[in-house]
Amino acid sequence: MAERRHVLIIGPQGSGKGTQAARVAPALGLVHVAMGDLFRSLMQHDTPLAREVRSYYDRGALVPDELTLRVLLAHLDELAERDGAYQGTLLDGFPRTRAQAEALDRVLAERHEQIAAVVELAVPRTVLIERLSGRLICPQCGAVYHRVFAPPQVPGRCDRCGGELIQRSDDTPEAIARRLDLYEEQTAPLLEYYRQRGLLLTVNGDQPIEQVTHELIAALRPRLEDSHGNHAEITS
Ligand code: AP5
Ligand code: MG
(Lines give C-alpha, C1' and ligand atoms only; values in the text may rest on other atoms or scores of the structure.)
(Ligands and ions follow the chains in the order given, each with its own letter.)
Protein backbone atom coordinates (compact mmCIF):
# COMPACT_ATOMS: atom_id res chain seq x y z
CA MET A 1 0.00 0.00 0.00
CA ALA A 2 1.30 3.48 -0.89
CA GLU A 3 2.38 5.60 2.05
CA ARG A 4 -0.26 8.05 3.24
CA ARG A 5 0.26 11.72 2.32
CA HIS A 6 -1.53 14.60 3.99
CA VAL A 7 -2.19 18.14 2.84
CA LEU A 8 -2.72 20.95 5.36
CA ILE A 9 -4.92 23.93 4.53
CA ILE A 10 -4.15 27.01 6.61
CA GLY A 11 -5.88 30.38 6.50
CA PRO A 12 -7.71 32.83 8.70
CA GLN A 13 -11.29 32.30 9.81
CA GLY A 14 -13.54 32.84 6.80
CA SER A 15 -10.80 32.39 4.22
CA GLY A 16 -12.76 29.44 2.79
CA LYS A 17 -10.88 26.45 4.24
CA GLY A 18 -14.05 24.42 4.78
CA THR A 19 -15.70 25.53 1.54
CA GLN A 20 -12.64 24.65 -0.50
CA ALA A 21 -11.59 21.50 1.33
CA ALA A 22 -15.01 19.93 0.69
CA ARG A 23 -14.54 20.50 -3.06
CA VAL A 24 -10.80 19.85 -3.39
CA ALA A 25 -10.40 16.74 -1.21
CA PRO A 26 -12.50 14.39 -3.39
CA ALA A 27 -10.79 15.69 -6.54
CA LEU A 28 -7.40 14.77 -5.05
CA GLY A 29 -8.43 11.43 -3.53
CA LEU A 30 -8.10 12.78 0.02
CA VAL A 31 -10.47 12.68 3.00
CA HIS A 32 -11.51 16.10 4.32
CA VAL A 33 -10.86 16.24 8.07
CA ALA A 34 -12.03 19.51 9.66
CA MET A 35 -11.06 20.07 13.28
CA GLY A 36 -13.96 22.51 13.79
CA ASP A 37 -16.45 19.95 12.39
CA LEU A 38 -15.10 17.31 14.78
CA PHE A 39 -15.72 19.67 17.70
CA ARG A 40 -19.16 20.68 16.41
CA SER A 41 -20.26 17.07 16.09
CA LEU A 42 -18.89 16.30 19.54
CA MET A 43 -20.87 19.23 21.00
CA GLN A 44 -24.15 17.82 19.68
CA HIS A 45 -24.19 15.50 22.70
CA ASP A 46 -24.27 16.77 26.25
CA THR A 47 -21.23 15.08 27.78
CA PRO A 48 -18.50 16.42 30.11
CA LEU A 49 -16.10 16.47 27.13
CA ALA A 50 -18.61 18.40 25.01
CA ARG A 51 -19.14 20.95 27.79
CA GLU A 52 -15.40 21.42 28.12
CA VAL A 53 -14.99 22.00 24.37
CA ARG A 54 -17.95 24.42 24.30
CA SER A 55 -16.38 26.58 27.03
CA TYR A 56 -13.58 27.44 24.59
CA TYR A 57 -15.38 27.18 21.28
CA ASP A 58 -18.27 29.59 21.88
CA ARG A 59 -16.01 32.47 22.84
CA GLY A 60 -13.68 31.89 19.90
CA ALA A 61 -10.78 30.58 22.01
CA LEU A 62 -8.57 27.66 21.01
CA VAL A 63 -9.32 24.31 22.62
CA PRO A 64 -6.20 23.13 24.56
CA ASP A 65 -3.61 21.37 22.41
CA GLU A 66 -3.65 18.06 24.28
CA LEU A 67 -7.43 17.68 24.00
CA THR A 68 -7.42 18.75 20.34
CA LEU A 69 -4.77 16.20 19.46
CA ARG A 70 -6.67 13.47 21.29
CA VAL A 71 -9.86 14.19 19.31
CA LEU A 72 -7.94 14.30 16.01
CA LEU A 73 -6.08 11.04 16.61
CA ALA A 74 -9.26 9.21 17.61
CA HIS A 75 -10.77 10.34 14.32
CA LEU A 76 -7.74 9.29 12.24
CA ASP A 77 -7.80 5.86 13.88
CA GLU A 78 -11.51 5.59 13.08
CA LEU A 79 -10.83 6.48 9.43
CA ALA A 80 -8.13 3.83 9.14
CA GLU A 81 -10.43 1.25 10.71
CA ARG A 82 -13.24 2.11 8.29
CA ASP A 83 -11.01 2.17 5.21
CA GLY A 84 -7.46 0.92 5.65
CA ALA A 85 -6.64 1.97 2.07
CA TYR A 86 -7.41 5.68 2.35
CA GLN A 87 -4.63 7.74 0.77
CA GLY A 88 -4.44 10.69 3.10
CA THR A 89 -6.33 13.65 4.53
CA LEU A 90 -6.86 17.27 3.67
CA LEU A 91 -6.47 18.64 7.18
CA ASP A 92 -8.53 21.80 7.75
CA GLY A 93 -7.99 23.62 11.03
CA PHE A 94 -5.09 21.58 12.37
CA PRO A 95 -2.39 22.50 13.33
CA ARG A 96 -3.05 25.99 14.70
CA THR A 97 -0.20 26.31 17.19
CA ARG A 98 3.48 25.49 17.12
CA ALA A 99 2.93 22.74 19.71
CA GLN A 100 0.27 21.17 17.47
CA ALA A 101 2.55 21.35 14.42
CA GLU A 102 5.33 19.60 16.33
CA ALA A 103 2.91 16.99 17.67
CA LEU A 104 1.68 16.34 14.14
CA ASP A 105 5.25 15.82 12.92
CA ARG A 106 5.81 13.28 15.71
CA VAL A 107 2.59 11.41 15.10
CA LEU A 108 3.11 11.21 11.34
CA ALA A 109 6.69 10.02 11.78
CA GLU A 110 5.48 7.25 14.12
CA ARG A 111 2.94 6.19 11.51
CA HIS A 112 5.39 6.50 8.57
CA GLU A 113 3.14 9.10 6.96
CA GLN A 114 4.06 12.45 5.45
CA ILE A 115 2.95 15.98 4.73
CA ALA A 116 2.88 16.40 0.93
CA ALA A 117 2.11 20.14 0.97
CA VAL A 118 0.75 22.98 3.08
CA VAL A 119 -1.49 25.47 1.35
CA GLU A 120 -2.22 28.96 2.64
CA LEU A 121 -5.46 30.69 1.64
CA ALA A 122 -4.76 34.42 1.72
CA VAL A 123 -7.71 36.81 2.19
CA PRO A 124 -7.80 40.41 3.57
CA ARG A 125 -9.41 40.92 7.01
CA THR A 126 -12.27 43.19 5.82
CA VAL A 127 -13.43 40.47 3.43
CA LEU A 128 -13.25 37.84 6.21
CA ILE A 129 -15.62 39.75 8.48
CA GLU A 130 -18.16 40.13 5.67
CA ARG A 131 -17.99 36.42 4.94
CA LEU A 132 -18.29 35.25 8.55
CA SER A 133 -21.21 37.52 9.39
CA GLY A 134 -23.26 36.08 6.49
CA ARG A 135 -22.29 32.44 6.90
CA LEU A 136 -24.88 29.70 7.41
CA ILE A 137 -24.09 26.05 8.08
CA CYS A 138 -26.00 22.79 8.07
CA PRO A 139 -25.67 21.18 11.51
CA GLN A 140 -26.61 17.79 10.03
CA CYS A 141 -24.03 17.41 7.25
CA GLY A 142 -21.64 20.35 7.81
CA ALA A 143 -22.25 22.05 4.42
CA VAL A 144 -21.33 25.75 4.37
CA TYR A 145 -23.35 28.58 2.74
CA HIS A 146 -23.36 32.36 2.65
CA ARG A 147 -26.51 34.51 2.55
CA VAL A 148 -25.16 36.50 -0.44
CA PHE A 149 -22.04 34.77 -1.84
CA ALA A 150 -23.20 31.13 -1.73
CA PRO A 151 -26.94 31.02 -0.99
CA PRO A 152 -28.85 27.72 -0.76
CA GLN A 153 -31.44 26.98 -3.47
CA VAL A 154 -34.29 27.08 -0.94
CA PRO A 155 -33.76 29.75 1.73
CA GLY A 156 -32.87 28.23 5.11
CA ARG A 157 -32.58 24.63 3.77
CA CYS A 158 -29.47 22.60 3.00
CA ASP A 159 -29.16 21.71 -0.71
CA ARG A 160 -27.37 18.48 0.17
CA CYS A 161 -29.48 16.94 2.95
CA GLY A 162 -32.48 19.26 3.46
CA GLY A 163 -31.38 20.15 7.03
CA GLU A 164 -32.32 23.49 8.57
CA LEU A 165 -29.47 26.01 8.22
CA ILE A 166 -28.21 27.89 11.27
CA GLN A 167 -25.62 30.49 12.18
CA ARG A 168 -22.54 29.11 13.99
CA SER A 169 -22.42 29.85 17.73
CA ASP A 170 -18.92 31.35 17.31
CA ASP A 171 -19.93 33.69 14.46
CA THR A 172 -20.69 36.57 16.84
CA PRO A 173 -18.77 39.86 16.40
CA GLU A 174 -16.79 39.29 19.65
CA ALA A 175 -15.82 35.69 18.87
CA ILE A 176 -14.95 36.57 15.26
CA ALA A 177 -12.58 39.33 16.43
CA ARG A 178 -10.94 37.00 18.95
CA ARG A 179 -10.52 34.19 16.41
CA LEU A 180 -8.90 36.52 13.87
CA ASP A 181 -6.49 37.88 16.50
CA LEU A 182 -5.60 34.35 17.59
CA TYR A 183 -4.90 33.41 13.99
CA GLU A 184 -2.37 36.24 13.65
CA GLU A 185 -0.70 35.43 16.98
CA GLN A 186 -0.62 31.64 16.99
CA THR A 187 -1.29 30.23 13.53
CA ALA A 188 0.22 32.63 10.99
CA PRO A 189 3.76 31.95 12.34
CA LEU A 190 3.33 28.30 11.27
CA LEU A 191 3.48 29.43 7.65
CA GLU A 192 7.16 30.20 8.12
CA TYR A 193 7.68 26.83 9.84
CA TYR A 194 6.45 25.06 6.70
CA ARG A 195 7.96 27.53 4.21
CA GLN A 196 11.41 26.68 5.55
CA ARG A 197 10.77 23.02 4.77
CA GLY A 198 9.77 23.80 1.19
CA LEU A 199 6.19 22.67 1.79
CA LEU A 200 4.28 25.96 1.55
CA LEU A 201 2.09 27.07 -1.36
CA THR A 202 -0.05 30.21 -1.29
CA VAL A 203 -3.33 30.63 -3.16
CA ASN A 204 -5.29 33.88 -3.38
CA GLY A 205 -8.56 33.12 -1.57
CA ASP A 206 -10.11 36.49 -2.43
CA GLN A 207 -11.57 35.30 -5.72
CA PRO A 208 -14.79 33.54 -6.75
CA ILE A 209 -15.20 30.12 -5.10
CA GLU A 210 -14.80 28.20 -8.41
CA GLN A 211 -11.59 29.99 -9.28
CA VAL A 212 -10.03 29.29 -5.87
CA THR A 213 -10.92 25.59 -6.24
CA HIS A 214 -9.34 25.50 -9.67
CA GLU A 215 -6.10 27.09 -8.44
CA LEU A 216 -5.90 24.84 -5.38
CA ILE A 217 -6.27 21.67 -7.43
CA ALA A 218 -3.72 22.87 -9.99
CA ALA A 219 -1.22 23.72 -7.23
CA LEU A 220 -1.70 20.57 -5.17
CA ARG A 221 -2.02 17.85 -7.78
CA PRO A 222 1.67 17.90 -8.82
CA ARG A 223 2.76 17.77 -5.17
CA LEU A 224 0.66 14.70 -4.54
CA GLU A 225 1.70 13.03 -7.79
CA ASP A 226 5.34 13.66 -6.95
CA SER A 227 5.02 12.28 -3.48
CA HIS A 228 2.78 9.33 -4.44
CA GLY A 229 4.50 8.36 -7.64
CA ASN A 230 8.07 9.45 -8.11
CA HIS A 231 9.06 10.32 -4.56
CA ALA A 232 10.55 13.52 -5.98
CA GLU A 233 11.99 16.15 -3.63
CA ILE A 234 9.39 18.73 -2.67
CA THR A 235 10.61 22.27 -3.30
CA SER A 236 8.78 25.57 -2.92
P1 AP5 B 1 -13.19 26.08 12.65
O2 AP5 B 1 -14.51 25.50 12.45
O3 AP5 B 1 -12.05 25.50 11.93
O4 AP5 B 1 -13.32 27.63 12.35
P5 AP5 B 1 -12.28 28.73 11.87
O6 AP5 B 1 -10.86 28.42 11.84
O7 AP5 B 1 -12.72 29.85 12.70
O8 AP5 B 1 -12.52 28.84 10.36
P9 AP5 B 1 -13.88 28.96 9.74
O10 AP5 B 1 -14.55 27.62 9.66
O11 AP5 B 1 -14.63 30.06 10.47
O12 AP5 B 1 -13.53 29.52 8.29
P13 AP5 B 1 -13.24 28.77 6.94
O14 AP5 B 1 -11.89 29.20 6.50
O15 AP5 B 1 -13.51 27.30 7.02
O16 AP5 B 1 -14.31 29.47 6.01
P17 AP5 B 1 -15.63 28.89 5.30
O18 AP5 B 1 -15.27 27.94 4.21
O19 AP5 B 1 -16.64 28.45 6.30
O20 AP5 B 1 -12.84 26.11 14.21
C21 AP5 B 1 -13.81 26.57 15.13
C22 AP5 B 1 -13.31 26.53 16.57
O23 AP5 B 1 -12.97 25.17 16.92
C24 AP5 B 1 -12.05 27.34 16.90
O25 AP5 B 1 -12.34 28.71 17.12
C26 AP5 B 1 -11.58 26.62 18.16
O27 AP5 B 1 -12.38 26.94 19.27
C28 AP5 B 1 -11.85 25.17 17.80
N29 AP5 B 1 -10.69 24.59 17.08
C30 AP5 B 1 -10.68 24.16 15.79
N31 AP5 B 1 -9.46 23.69 15.47
C32 AP5 B 1 -8.68 23.83 16.56
C33 AP5 B 1 -7.32 23.53 16.84
N34 AP5 B 1 -6.50 22.98 15.92
N35 AP5 B 1 -6.85 23.82 18.08
C36 AP5 B 1 -7.64 24.33 19.02
N37 AP5 B 1 -8.95 24.66 18.83
C38 AP5 B 1 -9.46 24.40 17.60
O39 AP5 B 1 -16.15 30.24 4.57
C40 AP5 B 1 -16.64 31.31 5.35
C41 AP5 B 1 -17.83 31.98 4.63
O42 AP5 B 1 -17.38 32.61 3.43
C43 AP5 B 1 -18.93 31.02 4.20
O44 AP5 B 1 -20.17 31.63 4.39
C45 AP5 B 1 -18.64 30.77 2.72
O46 AP5 B 1 -19.84 30.49 2.00
C47 AP5 B 1 -18.05 32.10 2.29
N48 AP5 B 1 -17.01 31.96 1.25
C49 AP5 B 1 -16.02 31.03 1.21
N50 AP5 B 1 -15.23 31.23 0.14
C51 AP5 B 1 -15.72 32.34 -0.49
C52 AP5 B 1 -15.33 33.06 -1.68
N53 AP5 B 1 -14.27 32.67 -2.40
N54 AP5 B 1 -16.05 34.15 -2.03
C55 AP5 B 1 -17.13 34.53 -1.27
N56 AP5 B 1 -17.55 33.89 -0.16
C57 AP5 B 1 -16.85 32.81 0.22
MG1 MG C 1 -14.25 25.98 8.48
Subset of the range 34-78 (residues that are surrounded by 15 or more Cβ atoms within 10 Å (Cβ to Cβ), within 20 Å of Ala177 (Cβ to Cβ) and small (Gly, Ala, Ser)): Gly36, Gly60
The range 107-162, subset within 12 Å of ligand 1 (Cβ to nearest atom) and of a type in the set (Gly, Ala, Ser), residue nearest to Glu210 (Cα to Cα): Ala150
Residue in the range 55-65 that is of a type in the set (Gly, Ala, Ser) and within 26 Å of Glu113 (Cα to Cα) present: no
Lone qualifier among Pro64, Pro12 - being away from ligand 2 (no atom under 15 Å from the Cβ) and within 25 Å of Ile137 (Cα to Cα): Pro64
Flag if Tyr194 is within 17 Å of Ala122 (Cα to Cα), surrounded by 14 or more Cβ atoms within 10 Å (Cβ to Cβ) and out of contact with any Pro (no Cβ under 8 Å at 6 or more places or on another chain): yes
Counted residues, the range 111-161 - those being outside any loop (DSSP other than H, G, I, E, B) and aromatic (Phe, Trp, Tyr): 1
Condition broken by Gly163, with the remaining ones in (1) touching an Asp or Glu at 6+ places or on another chain (Cβ under 6 Å); (2) small (Gly, Ala, Ser); (3) surrounded by 15 or more Cβ atoms within 10 Å (Cβ to Cβ) satisfied: (1)
Boolean, Ala80 is among the hydrophobic types (A, V, I, L, M, F, W, C) and touching a residue at least 40 places away in the same chain (Cβ under 8 Å): no
Ala175 being at pLDDT below 95 and part of a helix (DSSP H, G or I): yes
Condition met for Pro64 (in contact (Cβ under 8 Å) with a residue 24 or more places away in the chain and within 13 Å of ligand 1 (Cβ to nearest atom)): no
Cys141 vs. criteria within 16 Å of ligand 2 (Cβ to nearest atom) and loosely packed, with under 15 Cβ neighbours inside 10 Å: yes
Test for Arg98: is it more than 10 Å from ligand 1 (Cβ to nearest atom) and among the charged types (D, E, K, R): yes
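Give the range 17-33 a look and list any residue that's buried (at least 17 other Cβ atoms within 10 Å of the Cβ) and part of a helix (DSSP H, G or I), or say none.
To start, the set of residues in the range 17-33 that are buried (at least 17 other Cβ atoms within 10 Å of the Cβ) comprises 17-25, 28, 30-33.
If the condition is that a residue be buried (at least 17 other Cβ atoms within 10 Å of the Cβ) and part of a helix (DSSP H, G or I), then Lys17, Gly18, Thr19, Gln20, Ala21, Ala22, Arg23, Val24, Ala25, Leu28 are the ones that fit.
The values are calculated or read from the model by the stated rules, or taken from the named source; none is laboratory data. Just so it is clear, the structure is predicted and the values come from calculations on it, not from any experiment. We place every Cβ from the backbone using ideal geometry, glycine too, and count neighbours over all the protein chains shown.
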